[in-house]
Amino acid sequence: MILRLLNRACVLSGSVRLKSTLSTFFDEMGKSGIILKSATTGIFENLALEDWIHDHVDLQNRSMLLSWRNSPAVVIGRHQNPWQECNLPLMRRLGIPLARRRSGGGTVFHDFGNINMTFFISKKKYDRHRNLKVITSALKALRPDLEVAATDRFDILLNGHYKISGTAAKLGRTSAYHHCTLLCSVDRSVLSSVLKSNTSEVIKSNATPSVPSPVRNLLDVDPTLDSDTIMNAVASQYSNEFGFDGPVITVDPSHEALMPGIHKMAQDLQMWEWIYGRTPKFSVCSSLVVDDVTVKLDMDIKNGAVEQCAMEIPEDWLPSEMVNEFTSALNGSKYCPNEAAVLVAAFTRTVSVTADVAEKIHRLCAGVVSVM
Amino acid sequence: MATVITVRAPFAFMRRLVSARLHRHCCSTVQTACFVSRPHSYSLIAGQQHRFFRTSYVAARPVLQFKLSDIGEGIMEVTVKEWYVKEGDKVSQFDSICEVQSDKASVTITSRYDGIIRKLYYDVDSIALVGKPLIDIETEAGQVEGPQEDVVETPAMSQEEHTHQEIKGHKTQATPAVRRLATENNIKLSEVVGTGKDGRILKEDILNFIASQTGAILPPAPFQEIRPPPPAAVAPSTPAAKPKEKMSPPSIPTPVIPKPVFTGKDHTEPIKGFQKAMVKTMAAALKIPHFGYKDEVDLSLLIRLRSELKGLAESRGVKLSYMPFFIKAASLALLHFPILNSSLDENCTNITYKAAHNIGLAMDTSQGLLVPNVKNVQMLSVFEIAVELNRLQTLGAAGQLGTTDLTGGTFTLSNIGSIGGTYAKPVILPPEVAIGALGKIQALPRFNHKGEVVKAHIMNVSWSADHRIIDGATMCRFSNLWRSYLENPASMVLDLK
């Protein structure tokens, strides 16, 4: 395993540190502050890297800053409802993955124009305002007339109005991390279309809602402020604030030998049960129009699965036994268009129907799937 | 009983030591008489959080109230978002209890004790107050609570510092609870070997040390840890509870070998989702009387044709496999035997000859068996079929197949040979009446028309059909026609529509 270091630093080769993991490497370094940068742009690998550091690195006398960027992805907070927060059908069409992080907070859209920064520290010294001050000071040092300030909701606002950074945090037993975004050159049209849910009106839920805000890119204000410049400025401001020196170390989250268990963490973050199944209980109450007929749909979803499904359909359009079969086919299934399609396909095989009834069932299914 | 005696003796000594801090020790009923009348006395260190413990004496096991500790930044209320335990669960120290959220921070609350959960004070989505009880834990007799280990922002000295003793230049790590146990039993921590993370001394280490010293009967081992629902953020040193197979020690000729005990447990879960779909479909298929018909096909010429066309297809951006040929040949043959593309109604009174050839493909996805179909194969060229197949395969791999692709099939082919196998006995998917399973292509010796042994590429096909309306002769003639198209691909060109 090789740690590649950025800018001013030395290269460590595998032969020197055969048996150590990343955490013993930090211990051996003996420094009280370390700045890291992730080498990959996969959202799940980066989230797993955060979790690995939180779980395995001793942070009692040390603090760390990790900066990372991802290819386009939407990230929801630990206790949020993805159906309420983003446009899932649009994301599927565009191939933008959805991830659920372990920290709280709201929903964000990442792409290469967004910098993420994670401040790792012990629980005793956990102080989000101090961390945000590092960022605002770094930006002001770069451009003294830039008007950026942190709010008491831990957002950073540009010109007092546009949000350029949002925050979330995770506290464990002895250590904590605080991460935030920073909008440098994000594709704002994709951001706004993807973060607007197509079904939020029909969902009733206690999940943490996001608070939408107008956003702006730093690059719009000053075309010379690109991601690398900003990351370097934040890194040096962090060193100043926390009083250490040292190079920025690049870490590759795919090195299983260096970080044992990280691969499994990344896998766990991609499981349906985590991303969708962790949604707090909610109910869907919608009126669909299928073939000029109004269908009332009521579903209760728990752990991402349909706990209860009821439909009100005019008897003359579709007989009630057919409707009952349809709803019982959906009961217990994942609230997922693919699974619904498979179950309805199986259902149509097993009941003998005329061609036009089969057609109606397809269109009904398409209507139901449109809210998933 | 031994532990009770040892605990009692140094108590006066202990009380002197800890007068500066607030503590209430858990007691067993044996000592109830001694302590229940003691006045509540405590002193506060300025600026430090203080804790109250009311112990309720339920039988011999004390129940402690576990309060929500400070989470920093002056936050006084949090929302309980998820419980990882319920009443009656056993927990160990450091197991995750619940997840609370406050102001964009998600906090995992872990247990400070081993014990059984007796009461949860909040429901999900209720507001919990810092410093107020969160849960009640019934702990083992003799277990004492220690000061908070996860206190934040204490302006007074850090309590962590007290947990480190410098002995012979080595820091001995142990939690205050463990330290107390050692002191009560007059054990020097430097003599105990720590088996925890970084050589930390655990309660088990002290108990083992006592056992080896005195040979006394010790209280039962700590509870088996519950496994928090994956993936929760748990301290890495907590092992998950997994069934272990006890290996019998390999012994040189000694007669007594203990029987290996298998501690695995049966695991039952409800059938849902894809499995439920398959159960329903196959239960319906059971009503169809199947008969099988198997044959082998010599694909030598087809293989040559495909290798010639592969480059051309790729230049058009499509991966060309053998399936488009199999599918098109099936459609051409169905034109001569339309009864194989039909459907029987429920009462077996009417047979419907389907006009469109919607040929289904059995697809093995990560979630299970899916059968999307290619619509109207009778109108498509081999290349167009290949394009459709690519589209369906991409959607299937992404888990995005919809009802349109999954319904409406009239005939099915299953290329099980791509994974392995030669002959199979496929099950017809209602409301269809026939299905074919294709085995793997093998290079085998065969005799050619001159009587010489040549290398031939042989694939086996296994058909199943509904014997209520299809007879063996029909199936055989269909199979022969299909086979002739594939063994002599040039003949396909003649009949291509």
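Every number in this text was worked out from the coordinates using simple rules, so none of it is lab data. Values in this document were obtained by computation on a predicted structure and should not be read as measured data. Methodologically, a virtual Cβ is constructed for each residue, glycine included, from the backbone with ideal geometry; neighbour enumeration extends over all protein chains shown.
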Expressed as an acute angle from 0 to 90° and rounded to the nearest 10, what is the orientation of the C-alpha long axis of helix A:227-242 relative to the principal long axis of chain A?
-> 60 degrees
CD proxy at 222 nm, helix term only [per DSSP H run n ≥ 4: -39500 (n - 2.57); per residue of chain A; nearest 500] = -10000 deg cm²/dmol
Exactly which trypsin sites (Lys or Arg not before Pro) in the range B:391-461 are in a DSSP loop and have at most 11 other Cβ atoms within 10 Å?
-> B:K450
Paired Rg and Dmax values of the range A:49-169, which use every Cα atom, in angstrom = 15.8, 46
Net charge over other residues, Cβ less than 9 angstrom from the Cβ of B:T108 (K, R count +1; D, E count -1) | +2
GNM of chain A, Cα pairs under 10 angstrom: of A:W83, A:W272, A:W68, the biggest fluctuation goes to A:W272
How large is Rg/Rh for the range B:389-497, to two decimals, with Cα atoms and a Kirkwood Rh?
-> 1.02
Most fluctuating of A:L142, A:L66, A:L258 in the GNM of chain A (C-alpha, under 10 Å) is A:L142
Connecting every pair of Cα atoms under 10 Å apart in chain A and solving the GNM, the largest mean-square fluctuation among A:V215, A:V306, A:V293 falls on A:V293
Loop sites in the range B:335-392: GluC sites (Glu not before Pro), DSSP, at most 13 other Cβ within 10 Å | B:E346
For the range B:60-119, what number results from the quotient of the Cα radius of gyration and 2.2 N^0.38 Å?
-> 1.19
Filter the cross-link list A:K170/B:K132; A:K123/A:K204; A:K196/A:K281; A:K123/B:K81 down to pairs whose alpha-carbon distance in this structure exceeds 32 Å.
-> A:K123/A:K204
Applying the gyration tensor rule to the Cα atoms of the range B:269-380 (axes a ≥ b ≥ c; rounded if a/c under 1.5, else prolate if a/b exceeds b/c, else oblate), the class is oblate
In degrees, nearest ten, helix A:320-330 long axis to first principal axis of chain A (Cα) = 20 degrees
On each of the three principal axes of the Cα atoms of chain A, give max minus min coordinate, whole Å, ordered largest first.
-> 76, 49, 33
